[in-house]
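One structure is given below, encoded as structure tokens.
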């Protein structure tokens, strides 16, 4: 009898553990209902795009009747980045416009195949972290109020403030075409750049008679000459009547080099993202999710394991 009773106890312990795990899984859908539906990746035919805030992908929402774009929440003073993955077995060109400006040269974009763009190798994933200020550095994307955005501060304000557009182009020319000292460029010739690091981006632009650097360094706005100062790092100012924009943030070392790439004349993918503060998303009928709902956690009285202290 003792052996049978001990065996019964050993069999019950895993069952109790499974029951506890099942209870934890059961409450997840209820928690997931708090906020609008979202996805973490915008999928295209050639590329996938994620918006990274910190190291995490931020939720991308859709709004009723606006299926051609995805929305995400802007967090004043926080840096963000765009993770782009090439899903194809060929090189592709990726043109990225933030607030209506090309992220490589900082100029207003016409979203054409003749503009500066990044080049991704087959199945490569890269993270675009900011405005390219040289072949070696970028200035990080940072959420600021619209009037302090890079577009406003360089006199290039336009109707695309708050919008991000990612266009992916197939390669039309030979991938083995080599750079010459002097190039007689035509409508298809371009000189993108390629990452010098394992995970870095690649960028490029059309080549004129003499191939110049792909990304000209952009002058800093006159009122902020300190290269180490980040826009939008001040404490948030009370209400949020303003709309968000993307500022000129901290310098980050992010080297690229030039490569030849001839894009197809028409983009295969055109992915559109729009960002707003939480109040703006709610006005559009989107309820953004917070990373942690303390009221809900307290009401449920959730149990967990002991975690090491932070300090």
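Beyond 19 Å, how much of the Cα-Cα pair distribution for the range 76-132 remains, as a whole percent?
34 percent
Residue 41 to residue 111: FRET efficiency via 1/(1 + (r/R0)^6), r the Cβ-Cβ distance, R0 30 Å, to the nearest 0.05?
0.85
Give me the extension gain from residue 67 to residue 287: residue separation times 0.36 nm, minus the current Cα-Cα distance, reported in nm with one decimal.
This chain segment gains 77.6 nm when fully extended.
Arrange the following residues from fewest to most other Cβ atoms within 10 Å of their Cβ: 136, 48.
136, 48
Take the Cα atoms of the range 244-283, build their convex hull, and give its volume per residue in Å³.
Given the Cα convex hull of the range 244-283, per-residue volume reads 147 Å³.
Expected output is a single nm value to one decimal: the length gained when fully extending between residue 123 and residue 242, i.e. 0.36 nm times separation in residues minus the C-alpha distance. What is it?
Net length gain for the segment: 38.9 nm.
Where a number appears in this text, it was derived from the coordinates with a stated rule and is not lab data. Predicted model only: the values in this text are computed from it and were never measured. So basically every Cβ, Gly included, is an ideal-geometry build from the backbone, and we count neighbours across all protein chains shown.
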